[in-house]
Each structure stands twice: as structure tokens, then as C-alpha cells.
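Here the structure comes first, spelled out in C-alpha cells, and everything after it is commentary.
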Amino acid sequence: MTPASLADWLFVSAVSGLGPLRIGQLLEHMDVSALRQRLEHHPQTLPFTLPNLQPRITRQKVDLALAWEQQASRHFLICRDDPLYPPLLKQIADAPMVLFVKGQPELLLHPAIAVVGSRAASHGGINLAFQLASQLDAAGLAVVSGMAAGIDGAAHKGSLSQSGKTIAVLGTGVEQIYPKKHRSLYEDIQQHGALVSEFWPDVTAFAGNFPKRNRIISGLALGTLVVEARRRSGSLISARTAMEQGREVFAIPGSVISGDHQGCHDLIKNGAKLVENLSDIVEELPPLLQSHLQALPDCTVLPTTGNSQLPFKTLLASVGYETTPLDVVVEQSGITLDLVLEQLLELELQGWVAAVPGGYVRLKRS
């Protein structure tokens, strides 16, 4: 891409009062260079009236963006006609004209699944997001999420525990770390994956920008998996945009007692694919992609004591997916308290159960 063409894309994107959808409509009548000239010098000649345009201040923003790209070798500006622009994202009606990327831009061309969910996720939800993201990465799929607290962060970490094919779509500029506690995660994603935003690099956190970025999360992916979400969860925006974009939507069911999974249950009622394991996702992917995926990772081997898995299977069957008190585990398993405590510790170290206030919860199926 020539510097002049890049500057044209940046200029068009920077014009206040002109969004991606409207830009796309204008580009049906002219190329980006002609659009830039009209916006800058003859806005009255555009095919339709656009009130509230402010093209005068955009030159400075263009210069800032170009300077940012030159600051470091891992800074990239990817415009709509760039070969690195993700083809799936280009298909959506309101695709951003320019993406700011830190890290590995070629990852945007990799087949991916979006993993999203509640910021205030349960311990079990966080563990499940980590495990599934790890398995998706190991199976050859990139993991897309929003680097938010809770499920998003766990999904990125799960991918990073494997090869790190993970893409964080930010609701801020790529030079902003939000939330601040994810500084280490931000650095890891920059090193192994990709940080992506449609906002200029120094744009700080603004509530209205986070719902906007959700269309990019779903637009980059073949499908969107919702791990845990209440009815008012912001992650449901990603699921809705995925549906609007004609992409697959997946949801993990949970307890009907608490409200933590109501959003997922609503999605399933409305046609989302119920997911219990990785194969539920992979079988919905295009056949050609399925044939290129690696064999699914085996994560169903229980720990053993001596030559038998029976005590562990018996104990695991006594722990529910909701908090199970210790005395209930002892009663249902028929195993002595000392042996229960010993085996629960082993199961916890292996990632099968977790100690929580009031007892234990089971994390995965055997």
C-alpha cells in the first residue's frame, strides 16, 4: 500500500460525523482517493447530504496515526484494501476502514472463534473459558475476545497457555491498557498474538466504544461462544452481532438456580448451539476447515492412585457443578473423610474440581 493511499484511508476514517456504514455507501460511488478529495474540498458534491461533517481537523489525526506506525516494528495500520485486512471482517456491513494493530497482524487471517462472557464470572466459568480456549488454540483455531475482566481474560490466557494465537479487540486505542490489572496480559498478547482497535491509539476508555467493538469481535470469527452471561451481559451484544452477520453462535448451559447463565439459556432457546465440549464447536465449522484441524486434545484422563481410577471416579461423581458441601461429598461417595480430603486435593491439582466457599464445585466432565 502506498503512503498516499494509506493517508486517504486514514483521512476518511478520521472525519467526525462519518461512520463505517456511511463510508461504505460512499465508496460504492467512488474510490477512497476521490472520496477524500471531496470530503476535504467539495463535500457539497457528495451523492447525499451528510450533516455535521468536520473534515478540517483530520489532517492532524492522520499525521499522528502515521507517526504511531513508525514508532515500532510491531505497529501496523491495516486498511480495507490491505492484503492483511481480515476477509471475514470485510464481509460485515459496518466494517472499520482502518485497524490499528500491535503484535502479529498475520493472525487476523487465521480461522478463529470468539469467546466472550461475563466480567463478573464465577470460578467455574473462568476455568471453563480457559480450558476451551486452550483446546481451541491446540486444535489450530485462533481465539478472539475483548481483554475484559472475567471470561475474556480467561479465554486469552487459555490460548496463551498453548501457542498464543489470540486476538484482543479493544474498546480503547491500542496504547491504552484497560482494565489496568491486565497489563501483563496485554504484554503477553502483544508478544504472541495481536491487539486490535479501530480507535486512534491514545483513545481512552469510553463506555460507548465497548459495544461498538463487539461487532469486530464477532466479525473476525467463524462463530462466537458465550461461556457465561446474565440476561443484561454486554457479551450478548457480540452474540447478537454474530447472528446478524450470519455467523455461528454457541452457548454453554449452566445452573437454572442462579442467574449467571440466563443469557446463555436464552441464546440456546433462540437457536444457538449448545456446547458441552470442543467437538460441539468444531463439527459446526466448514468441512474444509475441519479437515485441516489437528486432532482434538484429550483432556478426559482422570488421575490415578495405584492401579485403579475407581476411587477418583466415585468421588468425582459426588461433586456437583454447583457448590457441594464437604459432608455431602463424604456421604454420597461412601469414602472416609481422610481419603476424601486427600483425593479432592489431587482432583483440584488436576483441574477437575475447585475449592470454593462452602465446599467444592466440579469443573469438567469425565
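The values are calculated or read from the model by the stated rules, or taken from the named source; none is laboratory data. Quick caveat: nothing in here was measured; it's all calculated off a predicted structure. All Cβ positions, even for glycine, are placed from backbone atoms using ideal geometry, and neighbour counts span all protein chains on display. Just so you know, the surface numbers come from the protein's heavy atoms only, side chains and all, with ligands and any DNA or RNA stripped out. Shrake-Rupley method; radii C 1.70, N 1.55, O 1.52, S 1.80 Å.
General remarks:
- A dipole drawn for region 122-229 from +1 and -1 charges on Cβ atoms has a positive end, and of Gly219, Ser145, Gly208 the residue lying farthest that way is Gly208.
- Stretch in the chain that is longest and holds no chymotrypsin sites (Phe, Trp or Tyr not before Pro) that DSSP places in a loop and that have at most 15 other beta carbons within 10 Å: 49-205
- Here region 1-119 is treated with +1 on each Lys and Arg Cβ and -1 on each Asp and Glu Cβ, and its dipole about the Cα centre works out to around 340 debye.
- The alpha carbon centroids of region 32-104 and region 148-225 are separated by 21 Å.
- Farthest positive-ward along region 164-244 dipole, Cα basis, beta-carbon charges - from Met243, Pro179, Gly193: Met243
- Rounded to the nearest 10 Å², the accessible area of Glu106 at probe 1.4 Å: 100 Å²
- Label-zone membership for region 144-161, site Arg232, 7 angstrom Cα→C-beta point, backbone N under 19 Å: 149-151
- The mean sequence distance of close C-alpha pairs (under 8 Å, at least 6 residues apart), as a share of the length of region 163-225, puts its relative contact order at 44 percent.
- The chain: DSSP helices with Cα axial extent of at least 15 Å and average Kyte-Doolittle hydropathy no lower than 1.0: 3-14, 337-349
- Surface accessible to a 1.4 Å probe, per residue, for the residues of the chain, Å²: 46 Å²
- If only the Cβ of Lys and Arg carry +1 and only the Cβ of Asp and Glu carry -1, the dipole of region 110-187 around its Cα centre is close to 180 debye.
- Region 189-294 shape via C-alpha gyration tensor axes, a/c threshold 1.5: oblate
- Mean separation of Cα contacts under 8 Å (6+ apart) over length of the chain, as relative contact order %: 12 percent
- Residue order by solvent-accessible surface for Ser184, Ser258, Ser333 is Ser184, Ser258, Ser333, largest first, with ligands and nucleic acids left out and a 1.4 Å probe.
- Qualifying trypsin sites (Lys or Arg not before Pro) in region 217-288, where qualification requires a DSSP coil assignment and no more than 15 other C-beta atoms within 10 Å, comprise Arg231, Arg232.
- Gyration tensor (alpha-carbon) shape descriptor, region 116-195, a/c threshold 1.5: oblate
- Taking the protein heavy atoms of region 217-260 in the context of the full set of protein chains, the accessible area attributed to carbon and sulfur is 51 percent at 1.4 Å.
- Lys/Arg +1, Asp/Glu -1 at C-beta; region 1-102 dipole; positive extreme among Ser5, Gln71, Gln91: Gln71
- Distances between every pair of Cα atoms in the chain, grouped in 10 Å steps from 0 to the bin holding the largest one, split as 5, 23, 28, 21, 12, 6, 3, 1, 0 percent.
- Assuming charge only on the beta carbon of Lys and Arg (+1) and of Asp and Glu (-1), the dipole of the chain about its Cα centre is about 1040 debye to the nearest 20.
- Global form of region 221-279, assessed from the alpha-carbon gyration tensor, a/c cut-off 1.5: oblate
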